[in-house]
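Written below as structure tokens is the structure these notes are about.
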Amino acid sequence: MSPEAQAVAEFGERDLGPVRVLFGKDGGRYPQGNSLLVRGTRETVLVDPSLGIVARGELALSVDRLVFSHCHEDHVAGAHLFPQQPWHFHEADLPGIRSVDAMMAIYGFSGEVEQDFRRVLTDEFHFTPCPDPKPYRDGDVFDLGGVRLRVLHTPGHTRGHCCFLIDWDGSEDRVLYLGDIDLSSFGPYYGDAWSDLLDFERTLERVRKIEARWYVTFHHIGVLETREAFLERFDRFEAVIARREAALLEFLAEPRSLAEVAEHRFVYRPGDAVSFADPVEQRSMGQHIERLVAAGRVRRVDDLRWVAC
Ligand SMILES: [Zn+2]
């Protein structure tokens, strides 16, 4: 059995019109992910080549170009298998793929965490720089011949994060690919240097309104069949932001430093063994503090500490 046939048997795949979802191991649970192969009469595009693509080895179908929802380790993990094809990123995320240093700037880690993740990026995610990535923008359409992949710029997770709306001739059906608006119970991730909580909230407002026949996430939620199922997941996902903020306000009943906030854990659970939990907690919850200060709900006590008003 070929590696591809073995991966299909083990991880699964599914056709939604001209869109084939290539599931990753464990249903695409991080660090794995689900990639899309979108086929028109003229071109075939591979979206977010994940570790599942690495496991498949050579794909039976030829690929004309790679389109990335954003520049993160798990979404570029299989890109090195396609050195001849053009690699397309939103213009805001595009600099990250040019070098390891540029990629590391997206996360904004420092010290030991930075050193560790730099190694993980190359050893586990096969990071391979691309000297000549191609930019795309909001509203751009990849016309594959009877099948169109439309770009929706949905920043927040990263600056250039995008969703893709895919439609095709002869059908009213559409597929909305959500990338890392992954509808997981973990909730929205906005803990990198290139993440932004307020952008993420505006993005959620925009994405909620988009109607499609199928909704697909990169991670383990996979394919959602109905608008009802989508909205139910979506609302729960979005509610995590308010839950983190309410918990933070409660914690700030006494003056606390950002280090204490990070140690308490609002994004991850206290026992989660995540090497970068500390900087991610600081960046995520720091953004909540910032907006609570602006709203007059939190004030600074001294150089280090904040308290709820
Ligand atoms: Zn991501």
To the nearest 10 degrees, the tilt of helix 277-294 (Cα long axis) against the first principal axis of the alpha carbons of the chain is 60
Round to the nearest 10 and give me the degree value, 0 to 90, for the angle of helix 197-208's Cα axis relative to the longest principal axis of the chain. 40
Dipole of the chain, positive end: most advanced residue of Pro86, Val298, Leu178 [Cβ charges, Cα centre]: Val298
Using bins 10 angstrom wide from zero, how does P(r) for the stretch 252-308 break down, in % of all Cα pairs? 25, 53, 20, 2
Once amide hydrogens are built 1.01 Å from N within the peptide plane, the residues lying 5 or more places from Val298 or on another chain with amide H under 5 Å from its amide H are Val293, Cys309
Nearest 500 deg cm²/dmol is fine: what mean residue ellipticity at 222 nm does the chain get from its DSSP H runs of n ≥ 4 alone, each adding -39,500 (n - 2.57), divided by its residue count? -10000 deg cm²/dmol
Hey, could you pull the Cα Rg and Dmax for the chain, both in Å? 19.9, 65
Quick one: plug the Kirkwood hydrodynamic radius of the stretch 133-207 (C-alpha pairs) into Stokes-Einstein at 37 °C, 0.692 mPa s, and report D in µm²/s. 246
Percent antiparallel among DSSP beta bridges confined to the chain, rounded to 5, stands at 75
Which of Thr226, Thr158, Thr217 moves most in a GNM of the chain, Cα contacts under 10 Å? Thr226
Ala242 to Asp278: FRET efficiency via 1/(1 + (r/R0)^6), r the Cβ-Cβ distance, R0 22 Å, to the nearest 0.05? 0.40
Using a 1.4 Å probe over the heavy atoms of the protein chains, calculate the carbon and sulfur portion of the accessible area of the stretch 3-239 as a whole percent. 47
Using alpha carbons only, how many degrees (0 to 90, rounded to 10) separate the axis of helix 111-123 from the longest principal axis of the chain? 10
What ³J(HN,Hα) values, in whole Hz, does the Karplus curve 6.51 cos²θ - 1.76 cosθ + 1.60 give for the stretch 237-244 when θ = phi - 60°, with x put for Gly and Pro? 4, 5, 5, 4, 4, 5, 5, 4
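The values are calculated or read from the model by the stated rules, or taken from the named source; none is laboratory data. Small disclaimer: the values here were computed from a predicted structure and weren't measured. Neighbour counts run over all protein chains shown; Cβ positions are idealised from the backbone, glycine included. Quick note on the areas: whole protein, heavy atoms, side chains included, nothing else; ligands and nucleic acids left out. Shrake-Rupley method; radii C 1.70, N 1.55, O 1.52, S 1.80 Å.
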